[in-house]
Each structure stands twice: as structure tokens, then as C-alpha cells.
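Since the structure comes first, as C-alpha cells, the remarks are kept for the end.
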Amino acid sequence: MIPGSFAYHRPNSVKEAVALLTDLGEEARPLAGGHSLIPMMKLRLASPEHLVDLSGIKDIKGIRAEGGDIVIGAMTTQQELIASELLASQVPILRETSLVIADPQVRYMGTLGGNVANGDPGNDMPAVMMCLGATYQLVGKSGERRVAARNFYEGAYATALGAGEIVTAIRIPAPGAGHGYAYEKLKRKIGDYATAAAAVVLTMKGGKVAACSIGLTNVANTPLWAEEAAKILTGSTLDAATVKKAAAAAEKITSPASDSRGPAHYRTKMAGVMLTRALARAKARAS
Amino acid sequence: MSKVQVSLKVNGKAVDGLVEPRTLLIHFLRDHLNITGPHVGCDTSHCGACTVDLNGKSVKSCTVFAVQATGADVMTIEGVANADGTLHALQEGFREMHGLQCGFCTPGMITRAYRLLKENPKPTEEEIRFGIAGNLCRCTGYQNIVKAIQYAAAKLAGVPFQEAAE
Amino acid sequence: MNDMTPTAAERAEKLQGMGCKRKRVEDIRFVQGKGNYVDDLRLPGMIYGDFARSPHAHARIKKLDTTRAKAVPGVLAVLTAADLKPLNLHYMPTLAGDVAAVLAEEKVLYQNQEVAFVIASSPYAAADGAEAVDVEYEALPVVIDPFKAMAPDAPVLRDDLKGKTEGAHGKRKHHNHIFSWQSGDQAATDAAFAKAEVTIKEMISYQRVHPCPLETCQCVASFDKIKGELTVWGTFQAPHVIRTVASLISKIPEHKIHVIAPDIGGGFGNKVGAYPGYICAIVASIVTGLPCKWVEDRIENLSTTSFARDYHMQTEIAATKDGKVTGLRVYTIADHGAFDACADPTKWPAGLFNIVTGSYDFPAAHVLVDGVYTNKAPGGVAYRCSFRVTEAAYCIERAMDILAQKLKMDPAELRMKNFIRREQFPYKSATGWEYDSGDYHTAMQKAMDSVNYKKLREEQKKKQDAFKRGETRDLMGIGVAFFTEIVGAGPSRSCDILGIAMFDSAEIRLHPTGTGICRLGTKSQGQGHETTYAQIIATELGIPADNITVEEGNTDTAPYGLGTYGSRSTPVSGAATAMACRKIKAKAQMIAAYHLEVHDDDLEWDVDRFRVKGNPERFKTMTELAWAAYNRVPPGMEPGLEAVNYYDPPNFTFPFGAYICVVDVDVDTGSTKIRRFYALDDCGTRINPMIIEGQIHGGLAEAFAIAMGQEIHYDAQGNCTTASLLDYFLPTAVETPKWETDWTTTPSPHHPIGAKGVGESPNVGGVPCFSNAVNDAFKFLGSTHIAMPHDQWRTWMAADKLGLHG
């Protein structure tokens, strides 16, 4: 219940934050919304000696359109994602996903940057970002670089984030008018991590799938981009037999943990069921 | 670890303290300021008994360090009552509708409901239940808490409260 | 009388007595955040304690080094078993006749068992100190499966019981065996089974759960060296018992121990017994001379304080082929964890489990329970139920459904056929209980009519056909449960806690200006006693409830009582309250007769006054009589107007209810949606319908959690995998269904106001109702019994086993 001791830093700029993280090294952690890190610190599963609070940095907040992309500052909270009319019209899957993350209080503090960057396989946004083909903007001592979400996750709590780097923004290519989407999450109760969840974004043309992208949450030690399943569905009418094949292909890439949510083979099957249901809802929304 | 200065406003009053950076806001409120309305009910940020209103947001004060709240405007249950000292419609509603039993979840629940009604002054039952999903109660089974919030919503809107037929 | 005189009805309304939906007195402070819970207490110089705990479920302690811990800034001292042993406090007696370790001496027996108590000047320093205690363990093989606890080669758990073949409850047949207990008539039962036309047999398991009140267990102990007196504030459902036990083990005289239970944030049985934290805080205070606070966190609460249930009941029913039950046989393995810390009355190691014949007229029954030790947290307590009554009710209600299925009878019909009939009350059960009153057929019929049961079954049939045709993947289930509880422990001839009879008490004193105070031996943890006891007094004495202060929890001022659990407050202290009132009323009548210059018998009672028969304008209100009691009483009479009553109940009380639940199961995910839950409760006389409804809602929510996912789970190595709220299922307002409540009223004939108690009925009846509903959904596909909890994955596995996933 009581965290270990640490020194607290509150930089005013990205440059300052990066300098602190680089200089203080491994014993320093960035603090975004704190609702993943602080619970771990309270259980003493994480005991950083330094916390670098990013909440004073103004230019990593905000949501804007830029060309055909939506750019979201890393310190944007889930609550702000839900309230954004821009996102509601351009990338509606984000609001749908935010609403099934945790609870109102956590959503007031939890940030998109925190949710995508810490590498917890239970977080919902990473699979959605893989589904959307998002890119993360990272800033470190040597400057800015971009990494595709689909290339960012390496293992449980292991990402492409380098030492001293922070995510400053998430860049999402807008799926376009008339796209269908759904985030279908099976959970033991509201606010829980997923037993299994599927993110689907697709476009239909002449009754057939023109493009399809699928992300899966919490059914492996990283979020999964179900490329093969999406390929199977492309060009189909989302008929039952093809959907069944796609679900099987999605199940094939899963390797979930057995835990209180259920044994691994149940969670694998649920990935297939969540995908099937997400596809049905995405199809209904597509025009 | 050396202590740091924190200054913030709690229930309209400026306060400050010298705390270890690791001091959680809930402990700063309860142990340093003797504001014991918000409670600790768990270790994993689930139960919501510690909920406060921080800069217009419902926040679990057990998952925020006091230092993060420097300069903030914090309201706890002790600050919910009306300016003239009368009970807020929510406090009245919880009593009228029997929305509490042991009282332990009540400060956090009312503080959250306060913000919920500002987010959405006319919530449906489903929206109320979703809106308090971050606050656990072991005594009431939630049904009368929903009624209490509906009572308060009606009172704040100046309309008569209709209890839904069972 | 003139037009200005309020009518009897108006006067009664003003009193806010029994039957009124009186708003709660407690709420005024709670809604303003001004409750007084233990952790709100601040005393000058207060120090804090925190435990270092074992990561292992079973291990020998090879080395225990507190050097690093003592060096942590702010740490004042570290207690280990070696410090407690000279005081004989390294073990404490349990309420079940066993002993439990306060601090582990040579070995640890469950994960998170207390090993050292770090005392520091702040809670943060205490936590740092606890982390710095260095312990070297030698892991030992664990016993997790209770069915393997008595295997010939099972590891020895209790070294301290080595060679002891006699336990507190008789012979021990194995080193991990605690007791064997039986009830009923084995020969008659065997005979019934021998000639039975139909039998069913099923292993019905009730999983380990935990009461998990929102406030964890905590205390502040303050020893005054000058006076030699100990004051302990704590989360105590039974403060007087804690005081007596504290005196016995500390040797401080009982009159020098002051135990105070302030506001408690939920109990549900978790806060009945004593825990190592209380003992260590007391010792810390005695040793340092400073007040010591101990507050456990949630993980400690869930993984080390007393669990509930963990009963594995091999159940058999014998019946005729047209559905009349003839015999019941239950053999139970009871998993008590490392120490038997069951909070049962002394003579009942398996509580009142032999209520397992339930609401049915079984001519013969035999019950045998074997308690065993395992490497899990000690216990168990009665989590929102009377002792082991939830286990018994779940067992019989599940078994009756299984029997109904075998007989191809509707489960409600089978119950109607076997209910104890109204004219059979008071009813002597096959295990020796005398049920006080009941009208089961009326209640059941009312429930069935209210939900239109016939129509539900018709809908279900249609949905089953649709499922078979592949038109839907949802299964509809209808759960029926009819429970009879045994509460209100209890008569002194059968019930004691550590030798103290289970009476309870009320002391009432009226003041000259007609208001008053009532102190009782029970202790509310949210049940609204400050509101409801005053309502009893208002009706009995004609004083407005608002004019009566109700106090509980301070052992210096409250008369001795056994506390609040097992729904005993209304049956026992409620009775004491009425009896004390009647003593006061009798004296008031004499004072009234004296002042009105009539004979006692010339007076009649009218709501709030004694009036002269045939001459109603001549009266004295109780308020006037209170003044008179201090002003001028009849010659020879003592002044004052007060009374105390210690009530030894002649019997338990037997609340009952009919619950019906409708569910829809999604077979492809295993998710269950509760469509509807209807609960009809009969608790006899209803004191405050608003509070009763609140109790039903709350108990049903707990039942919902238990049936649908709550579990304290251990893996094969003895790790508790559900020790935090991430995994221990507490439903939010989103999952929790809406409740429909209803009632019948069958007063208890032996209770002064006919009341039976109600707080725990919903947990007793709710769990089997939910479980029967889920089971009912799968019956038509050949399923007989799916075990609880009915979480998504287990329900899906059951569907998978039935071949429903193609």
C-alpha cells in the first residue's frame, strides 16, 4: 500500500524531461497519468528512485487534425479522448475503446501515451493503434523518431522505447468517411482488463470488404496485429464461412496467459468470438 | 528522501505541507490535514472510497501523490455542502433514499456523484450505474444509491422526483 | 376529546415506531464525512504497526533477522514470536477451541502469515521496516486439496498438535484432521435409502470466499502505564467478547480493559474474531507506553483474515417415485485452513449446518462433517449468514433441483410437495431443530404468481426449442430457491462463545424531560441500529423515536452482549429491548395510576399514554410519566424510570423466503445476464421496511457476487491468486442486477415482538437461486450439476463439455 521513496521532478518541457530521464538513467521513470505506475509502486513491484512528472509539459497535450492524420498529444487523458468531437467524427473507435478502459476516475487521469507506451499486454489502446496503423512519435536525447505501433511491442513490458525516450504524440491516419469499426471486449466486469478483445476497422465496397485491419488485446504477451485474419476477410462479403476461417487464423496467433479470467484455450477461443462480434458490428456501421 | 513543499486548496481553504514525495494524496488529506471523510478501502485503485474532486475531475486520491496536486483545487465530502451550510441535494438524497448503510463508501460515492451530475445533469439509470462504476459498495446493492442520485438530479433541476415503479 | 386531539393514527405516525420507514439517524454524520471509523482516530504520540509476512504457504523458518528493519529511520521496535513467547502470546485461542499463531514461531502455514510486527513512528516507516525484515525459509510440501489432507502420506501441518489425538471437539483421526461432527439418525437414514425408489447423489461444493467489507480490520491499542489500564478501539462486531478474551490472555483485569467499537465500515462476519494485528498492537502499546495503531491493507485482509465457506458436501436424497422425500444424507469435508478459527458457538464445530433439511419435511436425515487443516488462511466465519447456514441452504436447494430433474418434475412443484406445512409448526426437524413458525406454501405461491412462473416456463420451452434449431445461442434459466434460516443465536442451553452464554441485552433509561437513552450489547456495522432499536422503543413506550439515543460498542457503558452477526440483533437484543421497555411500562403504569388516583387495572394503553378506561380524557403520556418518575412516585417506590434486560432466547428464529431468478446465458462466451431477480422474505414482524429492503438489496448483491465469480483461490503451490480487488470479484453498479422485493409476515411466536431478523436471508437464499438459475439453463441438454462460481470461463467450459461449441 505504501510506495518506496523517490525524488520528484517536474520539468516544463520535453527537452528538460528527456535530459532528466537520460541523466538519471534506469532508476528514473516518467510519470504520466500514474494509474499504471503508481499501483505498481504501491505494491512495491516497481521502485524507481526518480519520477519525472510530465504533467507540466504543455505541448504534449491536445488533439488536432494534420493533413489526413489525427495527432494526439501523449498526455491527453482518456476522458479527453471521449469528449473530443474531432475524434468522435474522425476516429470513433477511440471513444468506444476509452469507454471500456477502467472507470471514470481512472479515465480522468490515465493518458493515451501511458496506455500505449508501458508495454502492459492488458492495455486496450495498443491493439487499437496497431489496427489503425498508428505511429508513435518518440523523443530522446538524439532527437525525434517515429515508430509504427505495429513494430513497437516486443514483449511484456518490453517496447522499442529507448533509454531516456518518451512518447510525445500518437499519429493516426484517419480511417475515412464510411468506415466500419468496433472494439469488442470480453471482461469479467466493467473496468477489468480484457479476457480477450478485438479491434476492427474496415471499409466496404459493393458489399465486399475493401480493406480490413484487426488488433487483438491481452491474448499474448504483446498486443497482436492479426494480419492473416484480415487478409482472409479482404474481398469477402463477411459471410459466415469466411469469418469462421478468419477467427481461426486469429486464434492461431494467440498465446494467452491462464489466469483468473480463464485457462489459455478459453481465452484463445474468446479472441475468435470477440473478432466475430466485432466484425458484425463494424459491418453494420460501414457505409 | 528529503521532503518537498506542497501548496494547494482543499475545500476552499489554502493549505500547505512538507511531505515526502511518495506521500499519497489520500494520506496527505487524512493524516496531515485531518480530513478523514475520504477513506482507504483497497490497495489496487479499484474501490473508489478515496475519491475526491481535483480541478473539476473525479480522482482516486490513493493513486495520486500529494506533490502532483500542488496548486490544485481539491474538494472532498467535507466541502460538498451548499455555501449556506445546508446539505447538498446529493447528501439529502442519500438519506431520503437509504443510499448508505455502513457509510464507508459514502464520501467517495457522493463526491463522485457530484461530478457525475455536473458532467451529465439528467443521467439515465444506465448512465448513473456506468458513472459510478469506479465506486464499490458492499452494503446497499447499489439500487438505492441510484435512486439517491436520481433524487438529487431532480432537485438540482428543480423538477419533482418520480420514484420509478418497481 | 375534541377536534384538536390528534387521532391514535396521527400520534403513532409522530412516534415513527415499528413499521415506519423511518429515515436513518446515522446518515446525518455519514453523508457529511463525519463518521468515526478506527483509522480516523489520532492520539498524541501514536505509533504504527505493520507486518512482515511469509511468501510461502508452508515453510520452516531457518533464520529471522530484524537488524536491517530496526535500522530503518522511524522504526522503534520489531516483535517476533520470540518476544511474545515469554508472555504466552505467540499463540492465541480461537473461538473454535483451537489455537492460532500470532507470529510464526518455527514454521509458516499459509501465504502471508504474520512473521514479524514492525513498530514505527509513521505508517510509511513501518512499511519500509516490514520490507526490511530478513527471513530465510526452507519450503515444505503443501496441502491445498482438502480431499488429500487426510491421505496417509499427507505432510504434517500442525507441529504444535503433535501427538494430540483429542481436539476440542473429540477424537482426531489424522494429523491434519480437526474434528468429526454428526447430527441426525444414521440408522433411520440408512434404512430410508435402502428402500428408496429414487435417489440422487452429488458432490456440491461451496467455494472459499471472503466477506471483504470495504473497511479492513484495524485497531488502536493504548495502554496507560500509570493506571494500568488498556483501551482498545477496533473493528469489533463483538466488543465485549474481545474485552473478555483480551483479559484472559493478557491477564489485565477485565474492569481495567476498555474496548470501544466506533463506526464500522461493514463487517459481514469478517470482524467477529481476534487477529494477530490486535494482539501485536496491544503488546506494542504495553511495551512502548504509546498508543499503537494497526490498519491492514486489502491484500492482507483478503489473504489472511477469516475466509468463509470451503465446504464440500457429498449429498444424497432418497425419495418416492412420485417425489416425496424420505431421507437426506450429507458427508462434508470442511477446509479450515491452517488453524480452526471458526466463529461458531462452542458446541457447534460445524455451526448450524444441520439446518440442511431446509424447508422440507424429511423424516430422516444424517449429517457428518470432517474438518481438516490445509495450508490456507485460517477460519472460517459466517459471511453474512448464520453459522454454516449458507452452506446448508446451498446444499439442499441445489440437491432438490437435482432431484426434481431426475424425477422430471418442475423444481417449484417438487418443493411445494415437500414443504413443511403450516399446521406442522412448531416443527421438529430430523436433526432436532424446532422451527418456530412458517407458511411456506403461501410464500411460494405468492412468489410464483408475482413473476408469472407458468409463463416463464412456457417462454423457456420456446427458447429451448429455438436453441435446438440453431436460432439462438442464448439459454434461458429460471432459478428457484426456498430457504429456511436458523438465526438469533441463541438459547444458553445450546449456545455459548468461549463459555459465555449467547444472551443479549438492552438497558434503557428515560430522562426527566421524557427523552431517553438505550444501550445494547450488539454492534451495528451498517444495519441501522441507532434508527431501528429506537423504533421498537417508540412503539413500546410511546416516546418518539427521535427522542431516544441508541448507543452500542462501548464496553464500559453498554450491558454485556455477544455482538452482531448471524442476524442475531433483532431476535436477541430486539427482544431484550422490548422486555426492558415492558418493565419500564409496568412501573410507569403504577405511577400513572397513582397520579390519576385510580387502580392500575383501571388504565389502558393508547399509543403514547395510559388512559382511564371509560374516561379517556383522563390520561398521562409517557413523557409526563417520565417527569413524574423523578418528581413524585408512589410511596415506597424508587424514583427514576429505567430497566435492563438480559434476554436468553428460548429458541432460535427461522426466517424464510422464496426467491425466483431469470437468467440468459450466452453459451459462446459463458456470460450470464441476470434478467430478473424477485425476492420474497418473511422475517416476521417488520420494524423498518426501508431498512429491510436495503438489507435485502445488499445481501442479494453479495449473493450475486458469490454465485457468479467470487472465489478465494489457491494454486497448487499455495499462492493465493485472488488476494486483491483486481481478481476478487466485487461487482460494480453496472453488473449488479436490479432487485424486486416482496414479503409475507409470519411472526415468531416466541419473540416478544414477533420479529425474526433479516440481514442475512438474502445471502442464504440468493446464492442457490442464482446457481439454480444457471444450472436450470443447461438442464434440457443433460447437465445435472455445474459448480459455482458461475463465472464466464467455467460456464463456457460446462457448455463446451456438453458439446455446444460445435
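Some observations on this one:
- When C:GLY470 is tested against the conditions (1) of a type outside the set (Val, Ile, Thr); (2) surrounded by fewer than 24 Cβ atoms within 10 Å (Cβ to Cβ); (3) at negative phi; (4) in a loop (DSSP other than H, G, I, E, B), the lone failure is (3).
- Restricting the stretch B:19-45 to residues that are in contact with a Cys (Cβ under 7 Å, 6 or more places away or on another chain) and free of Cβ contacts under 8 Å to residues at least 40 places away in the same chain, the residue that is nearest to B:PRO107 (Cα to Cα): B:VAL40
- Count - residues of the stretch C:502-525 that are touching a strand residue (DSSP E or B) at 6+ places or on another chain (Cβ under 9 Å) and either surrounded by fewer than 21 Cβ atoms within 10 Å (Cβ to Cβ) or within 14 Å of another protein chain (Cβ to nearest Cβ) (or both): 8
- Filtering the stretch C:633-660 to residues that are more than 24 Å from C:LEU510 (Cα to Cα) and in contact with a helix residue (DSSP H, G or I) (Cβ under 8 Å, 6 or more places away or on another chain) leaves C:PRO649, C:PHE652, C:THR653, C:PRO655, C:PHE656, C:GLY657, C:ALA658, C:TYR659, C:ILE660.
- Matching entry among C:SER724, C:SER761, C:SER748 (being among the small types (Gly, Ala, Ser), within 14 Å of chain B (Cβ to nearest Cβ) and touching a Gly at 6+ places or on another chain (Cβ under 6 Å)): C:SER761
- Elements of type strands (runs of 3 or more DSSP E) in the stretch C:283-357, at least 2 residues being over 17 Å from the mean Cα position of the chain (by Cα) and within 14 Å of C:PRO378 (Cβ to Cβ): C:325-335
- Scope the stretch C:206-230; condition buried (at least 21 other Cβ atoms within 10 Å of the Cβ) and in a strand (DSSP E or B); matching residues: C:TYR206, C:ARG208, C:VAL209, C:GLN218, C:CYS219, C:VAL220, C:ALA221, C:SER222, C:PHE223, C:LEU230
- Neighbours by Cβ (under 9 Å, 6+ apart or cross-chain): first from the stretch A:110-137, free of Cβ contacts under 8 Å to residues at least 40 places away in the same chain; second in a helix (DSSP H, G or I) and surrounded by fewer than 22 Cβ atoms within 10 Å (Cβ to Cβ): A:ALA134/A:ARG150
- Of all residues in the stretch C:54-76, those satisfying the criterion of being touching a Lys or Arg at 6+ places or on another chain (Cβ under 8 Å) and either crowded, with 19+ Cβ neighbours inside 10 Å or closer than 26 Å to C:ASP344 by Cα (or both) are C:ALA57, C:HIS58, C:ALA59, C:ILE61.
- Against the conditions (1) charged (D, E, K, R); (2) in a helix (DSSP H, G or I); (3) within 14 Å of chain B (Cβ to nearest Cβ), C:LYS21 satisfies every one except (2).
- Where strands (runs of 3 or more DSSP E) fall wholly inside the stretch A:88-182, the ranges with 2 or more residues that are in contact with a strand residue (DSSP E or B) (Cβ under 7 Å, 6 or more places away or on another chain), away from chain B (no Cβ under 14 Å) and crowded, with 24+ Cβ neighbours inside 10 Å are A:166-173.
- Search result, residues across the stretch A:1-44 that are under 21 Å from B:THR70 (Cα atoms), outside any loop (DSSP other than H, G, I, E, B) and not hydrophobic (A, V, I, L, M, F, W, C): A:TYR8, A:HIS9, A:GLU16, A:ARG29, A:PRO30, A:PRO39, A:LYS42
- Among the conditions (1) within 23 Å of A:TYR8 (Cα to Cα); (2) surrounded by fewer than 24 Cβ atoms within 10 Å (Cβ to Cβ); (3) away from chain C (no Cβ under 14 Å), B:VAL64 misses just one, which is (2).
- Residue among A:ALA46, A:ALA32, A:ALA19, A:ALA28 that alone is farther than 17 Å from A:ASN118 by Cα and more than 8 Å from every other protein chain (Cβ to nearest Cβ): A:ALA19
- Check on B:GLY103, under 21 Å from C:TYR37 (Cβ atoms), assigned to a loop (DSSP other than H, G, I, E, B) and either touching a strand residue (DSSP E or B) at 6+ places or on another chain (Cβ under 7 Å) or more than 9 Å from chain C (Cβ to nearest Cβ) (or both): yes
- Strands (runs of 3 or more DSSP E) wholly inside the stretch C:639-737 that include at least 2 residues being among the aromatic types (Phe, Trp, Tyr) and surrounded by 23 or more Cβ atoms within 10 Å (Cβ to Cβ): C:656-666
- Search result, residues across the stretch B:137-166 that are within 25 Å of C:ASN763 (Cβ to Cβ) and in contact with a helix residue (DSSP H, G or I) (Cβ under 9 Å, 6 or more places away or on another chain): B:CYS137, B:ARG138, B:CYS139, B:THR140, B:GLY141, B:TYR142, B:GLN143, B:ASN144, B:ILE145, B:VAL146, B:LYS147, B:ALA148
- All positions within the stretch C:164-181 that are crowded, with 17+ Cβ neighbours inside 10 Å and farther than 21 Å from C:LEU95 by Cβ: C:HIS175
Rundown of residues vs (1) modelled with pLDDT of 95 or more; (2) at the interface with another protein chain (Cβ under 8 Å from one of its Cβ atoms); (3) out of contact with any Cys (no Cβ under 8 Å at 6 or more places or on another chain), yes/no style:
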position	(1), (2), (3)
B:MET75	yes, no, yes
B:LEU87	yes, yes, yes
B:GLU96	yes, yes, yes
B:LEU116	yes, yes, yes
B:GLU126	yes, no, yes
B:GLY134	yes, yes, yes
B:CYS139	yes, yes, no
B:ILE149	yes, no, yes
B:ALA164	no, no, yes
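- Neighbours by Cβ (under 9 Å, 6+ apart or cross-chain): first from the stretch A:23-38, within 20 Å of A:PRO104 (Cβ to Cβ) and among the hydroxyl-bearing types (Ser, Thr, Tyr); second modelled with pLDDT of 95 or more and not in a helix (DSSP H, G or I): A:SER36/A:GLY110; A:SER36/A:ASP120; A:SER36/A:ASN123
The values are calculated or read from the model by the stated rules, or taken from the named source; none is laboratory data. Predicted model only: the values in this text are computed from it and were never measured. Cβ atoms come from the backbone with ideal geometry, glycine included; neighbour counts cover every protein chain shown.
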